[in-house]
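The values are calculated or read from the model by the stated rules, or taken from the named source; none is laboratory data. Owing to the predicted nature of the structure, the values given are computational and were not obtained by experimental measurement. Note: ideal-geometry Cβ built from the backbone for every residue, glycine included; neighbour counts use all protein chains shown.
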Amino acid sequence: MTDAKKQAALDYHAKPFPGKLSVELTKPTASARDLSLAYSPGVAEPVREIANDPENAYLYTGKGNLVAVISDGSAILGLGNLGPLASKPVMEGKGVLFKRFAGINSVDIEVNAESPQAFIDTVARIADTWGGINLEDIKAPECFEIEQALVEQCSIPVFHDDQHGTAIVTAAGMLNALDIAGKSLDSARIVCLGAGAAAIACMKLLVSCGAHPENIVMLDRKGVIHSGREDLNQYKAMFAVETDKRTLTDAIDGADVFVGLSGPGLMSAEHIRSMAPNPVVFACTNPDPEIHPDLAREIRPDVIMATGRSDYPNQVNNVLGFPFIFRGALDVRATRINEEMKVAAVHALKDLAREPVPRDVLEAYEMDEMTFGPNYIIPTPVDIRLLERVPAAVAQAAVDSGVARKPYPSHYPLRSAEDVYGI
Ligand SMILES: NC(=O)C1=CN([C@@H]2O[C@H](COP(=O)(O)OP(=O)(O)OC[C@H]3O[C@@H](n4cnc5c(N)ncnc54)[C@H](OP(=O)(O)O)[C@@H]3O)[C@@H](O)[C@H]2O)C=CC1
Ligand SMILES: CC(=O)C(=O)O
Ligand SMILES: [Mg+2]
């Protein structure tokens, strides 16, 4: 970023007052009567009702439309382990996106935990008062153990966004990009740089969608994850292949697809030059991708290029996933976000990209045209149709797969993030 853009980003967060979120009141508080209902003595009535039946928390508190965004700051974007406090702008940012795109209230919680177990215990102890828990920017491999334990211990959806949100959006974009490139997932040769939270989940979901594990070469800091390595954790070991390739240079030669979920600037001009015709490059590290899109396009005019950023075409970023997935899950009071719900979200996102783009989206992006093709493989986050389609698909999948505690919402499809209660 230029110095001017860096300053603009700091000013945005600092002025006119610090931070990006605020709490608002939803009931009148002007009179003594109002206060006697909102607080003492009136507040005792819902307390008694909830003590009698915990389900009443959905009726008398904001629980049903409230998600906790929880991090330990151990993998903040691609910036690394900078700790809980430094993660707060990102977690507030996730809250902004929950509210802006899906009308979901959220509070960020940054946990200073000395171990995965301490983190699990902290979250498990507060879980009951939320509608859902969005885990964010927790590094691998700890994130896998943390998420699994919390899914098992909690009766509300627990979703590690960097794993599943990223994987859902990547899979949707990938299916479209390969289609545009005249290729298919089941025969594509895929290189994944990174073997952490996002990378492992993305490759797992691509395999569920039709990619062949033997066509995937994954790399971590030590190079190619191959069957001869003895330093692999169980998650990386799932992707170990028999190969004599050892470096990114070896692996990328002739590859159809590059997925970067690793660190900035790790893909060189030589790497992209050596890829197969019509290469698909998802350089998804934030804020600075594995290769700059301008450089990628200059070297490979035939590339289908995506990044995690808002300021270039094809934003493959979990912002297209978590607000809408939680919307659907909350609205049917799902006990978890299962594979069926994730796959439903993939297809809703993928299919929407193939429809004509509304004028207000073009205006928001200052474009005359966005048409399904190399520069438009996935919808943009401001597309209101996401709120209509993705929660509906997720909610239906939750009902069909038996994890919904309420029927498919009668007020669906949703038309506005300001009107999500169906009142
Ligand atoms: N666009 C999007 O929506 C999203 C993008 N991301 C991006 O993905 C990246 C990873 O995030 P996440 O999975 O949560 O983090 P993790 O810490 O869980 O994983 C990071 C992975 O990157 C690997 N890595 C780091 N540096 C290098 C390197 N020089 N060469 C090869 N591999 C390297 C690490 O290797 P090792 O295992 O050896 O340490 C590790 O496997 C971040 O940059 C983040 O911004 C994440 C989520 C969403
Ligand atoms: C987008 C996101 O969640 C990340 O880069 O970590
Ligand atoms: Mg993240």
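Tabulated values for the structure
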item	result
Any hit, the range 2-18, residues being surrounded by 10 or more Cβ atoms within 10 Å (Cβ to Cβ) and in contact with a Gly (Cβ under 6 Å, 6 or more places away or on another chain)	no
Output for the range 109-135, where each listed residue is crowded, with 18+ Cβ neighbours inside 10 Å, out of contact with any strand residue (DSSP E or B) (no Cβ under 9 Å at 6 or more places or on another chain) and small (G, A, S)	A113
Among the residues listed as L352, L330, L414, the single one being modelled with pLDDT of 95 or more, within 18 Å of the chain's Cα centre (by Cα) and crowded, with 24+ Cβ neighbours inside 10 Å	L330
Hits in the range 301-321 - residues which are more than 23 Å from M203 (Cβ to Cβ) and either crowded, with 19+ Cβ neighbours inside 10 Å or more than 15 Å from the chain's Cα centre (by Cα) (or both)	P301, D302, D311, Y312, P313
Any chance I138 is touching a residue at least 60 places away in the same chain (Cβ under 8 Å), over 25 Å from K236 (Cα atoms), within 16 Å of ligand 3 (Cβ to nearest atom) and surrounded by 15 or more Cβ atoms within 10 Å (Cβ to Cβ)	no
Every residue from the range 279-295 that is within 16 Å of ligand 1 (Cβ to nearest atom) and surrounded by fewer than 24 Cβ atoms within 10 Å (Cβ to Cβ)	N286, P287, D288, H292, P293
Sole residue being free of Cβ contacts under 8 Å to residues at least 24 places away in the same chain and under 30 Å from A329 (Cβ atoms), chosen from V169, V207, V257	V207
1 or more residues within 16 Å of ligand 2 (Cβ to nearest atom) and touching an Asp or Glu at 6+ places or on another chain (Cβ under 6 Å): qualifying helices (runs of 4 or more DSSP H) within the range 99-207	161-180
Count of residues meeting criterion [part of a helix (DSSP H, G or I) and under 28 Å from G132 (Cβ atoms)] in the range 297-330	12
Neighbours by Cβ (under 6 Å, 6+ apart or cross-chain): first from the range 65-87, within 13 Å of ligand 3 (Cβ to nearest atom); second basic (K, R)	V69/K94; S74/K139; A75/K139
Residue check for S106: at pLDDT 95 or above, surrounded by 19 or more Cβ atoms within 10 Å (Cβ to Cβ), over 19 Å from Q148 (Cβ atoms) and among the hydroxyl-bearing types (S, T, Y)	yes
Residue check, E290 part of a helix (DSSP H, G or I) and over 18 Å from L386 (Cα atoms)	no
